[in-house]
Amino acid sequence: MKIQRYREFLEIIGDLLKNDEVKKMKNYRQHCDISTFEHSKNVAYICFYICKRFNLDYVSAARAGMLHDLFLYDWRDKRPHEKFTDLHAFSHPKIALENARKVTSLSEKEEDIILKHMWPLTVKLPKYKESYIITVADKCSTLAESWRYLKKKLLKNNRKKSEQC
């Protein structure tokens, strides 16, 4: 069942995974030691899974999830900004949407999912249930990725300490 579900997920986003622009996300670190590509794939799967369980539009959720962070720059680099809303947390959904439009055609729902994935920072309320789901999936994925990294670091440090004794 799990394998079949994952295969369905990969069929839905398969063209995106093969796209050269989407593949560029592998070159940028998102959280700790995970690439933007892997983070987006994680978010896409969480969205797919939740939406499928609740009979929502899991196809749009998965595809938008894969594209939600298609901003293609290192967000840790200092970028010039004239106003507070130019900061990465506020501006990258618009950049990701512009880039996603160049990669594939998007439905109105997919556009809303990408554009509103940072809600409540985006201020405007998401229009669809799937748009709310991605905000939760994105935060859950970020927490899980950060926790895995910290856990790995803690274990590594503990091993070093025990070797010194």
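General remarks:
- Across Lys18/Lys129; Lys23/Lys127; Lys52/Lys153; Lys94/Lys153; Lys26/Lys153, pairs whose alpha-carbon gap is larger than 31 Å: Lys52/Lys153; Lys94/Lys153
- 3J(HN,Hα) along region 138-148: 4, 5, 4, 5, 4, 4, 5, 5, 5, 5, 4 Hz, from the Karplus curve 6.51 cos²θ - 1.76 cosθ + 1.60 with θ = phi - 60°, whole Hz, x for Gly and Pro.
Only the coordinates and a few stated rules stand behind these numbers; no lab work does. From a predicted model like this one, the values you see are computed outputs, not experimental measurements.
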